[in-house]
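Novice: If you scroll down you'll find the structure; I have some questions about it.
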Amino acid sequence: MLSFLPDNLRFVFSIILALLIGWNLRIPVFKIAILRNFVDKPNKRSSHTGCVPNIGGIVVFLAFLCSFLIFVRFNVQNEFQYVVLGAILIFLVGIYDDLLEISPRKKVKGEMLGVLALIIGGGFYLSNLHGFLGFDVISPWVGVPLTFIGLVGLINAINLIDGIDGLCSGVALMDCMFFGFCFYYFGSIEYTLMCGVLSASIVPFFFVNLFGKRSKMFMGDSGALMVGFLLGVMAIKFCEVDVAVRGTFSVGAAPGVVFSALAIPILDTLRLFVARSLRGASPFSPDRRHFHHKLLIIYDGVHRKATFTILILNLGFILFGLCGRNWPNEVLVVADIVLFSLMFYIVDFISKRKLARQNAR
């Protein structure tokens, strides 16, 4: 609609509009949630007290969608119409789960539908591994399944870290800003705008979720699934854009850098899935064994301390990925795994000792 504006103005105005929409929608959405009883009630797995509205994802979704549709140039990035379609489908699956609760299997099927809409309709898939495991250019027969598995996996990884105040939105905000920075140096204006709009859409919710008292809300599946999908799109595009502009901002290990930026949600989810499977439980069965739950034990249940600790660690992984952006992909990925494993071992050890002391009293 306003795509005729110069790039700088489009970028600034799109961010301002997303911020304004997100900030002004938070109170009406909160009131509707309270009026209609769209709230998350505490249970044995909850780390919060009281009934809290769980449809805050509506704020993020509408702020992103409205600003993005107005300012983006769809004729420059043809896949964007399918990015929007996929985001809408996944948002609908998430809001349906928030309001009525559906089984994990049905939820994953909905996520797959949104991902397939992007891959098939937009022809959007990974085509280059940048030397990872000895592969560079890969055929669609390999790229499409990798993209499908990667996107569905990341959607669920982002959703699974949405367990304490400000964590999911904070990690997503940080990663969006990182990808936006990279796309700017790559010269990919439309994806820079996309990252900027999503970041601006998340900011109002992040502050309401982390610091809000009377108007506190949770993002819910409607927000976490949609944000995870868009982060996955950015991650795939990061690897694709780098193929054409390697000399502008040298990134020889694009997959490794993406893995570093998303290491905490990815590795914590993989760890949980493996641990649950070894116990004979479903990988999607809920528990309180997440990395953030361990930190809550250490910090006596204070969400802000746990959230900011993980955000600092997430920033550390991003900076580590940037420092190693021209290392072999395998070296960077293995280093991330080792660092996360060491970090989790220390946190788990401290949390168990603290629980033991509390039980001994």
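Novice: Check whether at least one residue in the stretch 69-81 is under 30 Å from Phe284 (Cα atoms) and modelled with pLDDT under 95, and report yes or no.
Specialist: Here is the first cut: in the stretch 69-81, the ones under 30 Å from Phe284 (Cα atoms) are none.
No, because not a single residue in the stretch 69-81 is under 30 Å from Phe284 (Cα atoms) and modelled with pLDDT under 95.
Novice: If you don't mind, there's one more thing I want to ask. Is it the case, given these coordinates, that Ser260 is at pLDDT below 90 and within 20 Å of Ile155 (Cβ to Cβ)?
Specialist: Working: at pLDDT below 90: no; within 20 Å of Ile155 (Cβ to Cβ): yes.
No: the conditions fail for Ser260.
Novice: Now for a different question. Which pairs do you get when a residue that is surrounded by 15 or more Cβ atoms within 10 Å (Cβ to Cβ), found in the stretch 267-283, comes within reach of a residue that is aromatic (Phe, Trp, Tyr), reach meaning Cβ atoms under 6 angstrom, with the pair 6+ apart or on two chains?
Specialist: Going by the 6 Å Cβ cut-off, the qualifying pairs are Leu267/Phe340; Asp268/Phe291.
Novice: If you check Ile58 against the conditions, is it surrounded by 22 or more Cβ atoms within 10 Å (Cβ to Cβ), among the β-branched types (Val, Ile, Thr), touching a residue at least 40 places away in the same chain (Cβ under 8 Å) and under 30 Å from Asn8 (Cα atoms)?
Specialist: Values: surrounded by 22 or more Cβ atoms within 10 Å (Cβ to Cβ): yes; among the β-branched types (Val, Ile, Thr): yes; touching a residue at least 40 places away in the same chain (Cβ under 8 Å): yes; under 30 Å from Asn8 (Cα atoms): yes.
It is true that Ile58 is surrounded by 22 or more Cβ atoms within 10 Å (Cβ to Cβ), among the β-branched types (Val, Ile, Thr), touching a residue at least 40 places away in the same chain (Cβ under 8 Å) and under 30 Å from Asn8 (Cα atoms).
Novice: Take Gly252 and decide whether it is surrounded by 24 or more Cβ atoms within 10 Å (Cβ to Cβ) and either in contact (Cβ under 8 Å) with a residue 24 or more places away in the chain or within 30 Å of Val137 (Cα to Cα) (or both).
Specialist: Against the criterion (surrounded by 24 or more Cβ atoms within 10 Å (Cβ to Cβ) and either in contact (Cβ under 8 Å) with a residue 24 or more places away in the chain or within 30 Å of Val137 (Cα to Cα) (or both)), Gly252 does not qualify.
Novice: For residues in the stretch 181-234 being polar (S, T, N, Q) and not in a helix (DSSP H, G or I), which is nearest to the chain's Cα centre (by Cα)?
Specialist: Of the residues in the stretch 181-234, the ones polar (S, T, N, Q) are 188, 192, 199, 201, 209, 215, 222.
Still in the running and not in a helix (DSSP H, G or I): 188, 215.
Values: Ser188: 21, Ser215: 23 Å.
Selected residue: Ser188.
Novice: Among the residues of the stretch 338-361, what is the count of those that are among the aliphatic types (A, V, I, L, M), exposed (fewer than 15 other Cβ atoms within 10 Å of the Cβ) and under 19 Å from Arg271 (Cα atoms)?
Specialist: Initial filter on the stretch 338-361 (among the aliphatic types (A, V, I, L, M)): 338-339, 342-343, 346-347, 350, 355-356, 360.
From what is left, the residues that are exposed (fewer than 15 other Cβ atoms within 10 Å of the Cβ) are 338, 342, 346, 350, 355-356, 360.
Next cut, under 19 Å from Arg271 (Cα atoms) only: 338, 342, 346, 350.
Count: 4.
Novice: Could you list, in sequence order, all residues of the stretch 284-306 that are part of a loop (DSSP other than H, G, I, E, B), in contact (Cβ under 8 Å) with a residue 60 or more places away in the chain and surrounded by fewer than 17 Cβ atoms within 10 Å (Cβ to Cβ)? I'd like the intermediate steps shown before the answer.
Specialist: Kept after step one, since they are part of a loop (DSSP other than H, G, I, E, B), are these residues of the stretch 284-306: 284-290, 299-302.
Add one more test, that the residue is in contact (Cβ under 8 Å) with a residue 60 or more places away in the chain, and what stays is 284, 286-288, 290, 301.
Correct list: Phe284, Pro286, Asp287, Arg288, Gly301.
Novice: Considering every residue within the stretch 300-318, establish whether at least one is farther than 30 Å from Val208 by Cβ and of a type in the set (A, V, I, L, M, F, W, C). Explain how you work it out, then say what you get.
Specialist: Taking the stretch 300-318 first, the residues farther than 30 Å from Val208 by Cβ are none.
No - not one qualifying residue is present in the stretch 300-318.
Novice: Can you pull out every residue in the stretch 92-109 that is under 18 Å from Ile119 (Cβ atoms) and touching a residue at least 12 places away in the same chain (Cβ under 8 Å)? Give the derivation first.
Specialist: Of the stretch 92-109, the ones under 18 Å from Ile119 (Cβ atoms) are 93, 108-109.
Once the filter is applied, which keeps residues that are under 18 Å from Ile119 (Cβ atoms) and touching a residue at least 12 places away in the same chain (Cβ under 8 Å), the stretch 92-109 yields Val93, Val108.
Novice: With the requirement that a residue be buried (at least 16 other Cβ atoms within 10 Å of the Cβ) and not in a helix (DSSP H, G or I), what does the stretch 75-94 give you?
Specialist: Listed by number, the residues that qualify are Gln77, Glu79.
Novice: Next question, about the same structure. Could you look through the stretch 112-159, keep only residues that are on the phi > 0 side of the Ramachandran plot and without any contact (Cβ under 8 Å) to a residue 60 or more places away in the chain, and pick out the one that is surrounded by the fewest Cβ atoms within 10 Å (Cβ to Cβ)?
Specialist: Pass one, the stretch 112-159, residues on the phi > 0 side of the Ramachandran plot: 123, 130-131, 133-134.
Right, trim to without any contact (Cβ under 8 Å) to a residue 60 or more places away in the chain and you get 123, 134.
Working: Gly123: 12, Gly134: 8.
Ranking the candidates gives Gly134 first.
The values are calculated or read from the model by the stated rules, or taken from the named source; none is laboratory data. Keep in mind it's a predicted model, so treat the numbers as computed, not measured. Quick reminder, even Gly has a Cβ in these numbers, built from the backbone with ideal geometry, and neighbours come from all protein chains shown.
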